[in-house]
Amino acid sequence: ADTLRLCEMATGPLDASRPWETRDVVGMYRFLQRLWRNMVDEQTGTCVVVDTPADDDTRRQLHRTIDVVRTEMEALRFNTSIAKLIELNNALTKLDATPREVAEPLVVMLAPLVPHVAEELWRLLGHDDTIAYVAFPVADPALLVDEVVEFPVQVNGKVRSRIEVAADADTATI
């Protein structure tokens, strides 16, 4: 049920008509499987989320995701919210273990989209209460700002290089 619900919400704006594509259902199912594997051991069914803090890049990606998902859900643009959640989940697959500080907000953001899976993951994360009344995560504004900005260097209209400069650098430094 959650796969179909997610598939319907991911296909585009709710007011736009679109053709049915069976492959989309498979894609959403795979996303939910990856999400599950990031948090649950498939052999034992136990939670594999760790309490160690997330690295800075993962924490920044989490807060950027929270910011976009909150904005897009308020505007009923579920498709872009789902895309950001998939990006965050894909980033988690590259880590050795999923940090709790990322797993819990991810599950809370997914709850309106896939309530059954989210409720099950919430219980496996060690919560006795329902996820339905948990407040939506709030992004930390300090983590939304880039520390460095990349500028392309062009010669005769072709990009020859790229330089990284501190985000707060003045024009003379750039």
Using per-residue counts of other Cβ atoms within 10 Å, averaged over each peptide, order 19-29, 83-93 from highest down. 83-93, 19-29
Using per-residue counts of other Cβ atoms within 10 Å, averaged over each peptide, order 48-55, 155-162, 116-123 from highest down. 116-123, 48-55, 155-162
For region 107-172, report the accessible area per residue in Å² (1.4 Å probe, heavy atoms, rounded to an integer). 66
The chain: angle of helix 56-74 to the longest principal axis, Cα-based, in degrees nearest 10: 70
Which FRET efficiency value, to the nearest 0.05, is calculated for residue 153 and residue 42 with the Förster distance at 45 angstrom and r the Cβ-Cβ distance? 0.40
At a threshold of 8 angstrom on Cα-Cα distance, excluding pairs fewer than six apart, so keeping six or more, what relative contact order does the chain reach in percent? 23
Can you pull the percent of the chain's accessible area that's carbon plus sulfur, 1.4 Å probe, other chains left in place? 52
If all Cα-Cα distances of the chain are sorted into 5 Å bins from 0 onward, what percent lands in each bin, rounded to whole numbers? 1, 8, 14, 17, 17, 13, 10, 8, 6, 3, 2, 0, 0
Report the gain in length on full extension from residue 76 to residue 90: 0.36 nm times residue separation, minus Cα-Cα distance, nm rounded to one decimal. 2.7 nm
Using 13 Å as the cut-off for backbone N distance, which residues of region 61-79 belong to the label zone defined by a point 7 Å from the Cα of residue 15 along Cα→Cβ? 75-77
Using the charge dipole of the chain (Lys, Arg: +1 at Cβ; Asp, Glu: -1 at Cβ; taken about the Cα centre), state which of 95, 22, 61 has its Cα farthest towards the positive end. 22
Working note, region 78-161: Cα radius of gyration (Å, one decimal) and Dmax (Å, whole number) are 18.1, 63
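The values are calculated or read from the model by the stated rules, or taken from the named source; none is laboratory data. Here the structure is a predicted model, which is why all the values come from computation and not from measurement. Ideal geometry is used to build each Cβ from the backbone, glycine not excepted, and the neighbour counts take in all protein chains shown. Protein only, heavy atoms only, side chains kept; ligands, DNA and RNA dropped before computing areas. Shrake-Rupley method; radii C 1.70, N 1.55, O 1.52, S 1.80 Å.
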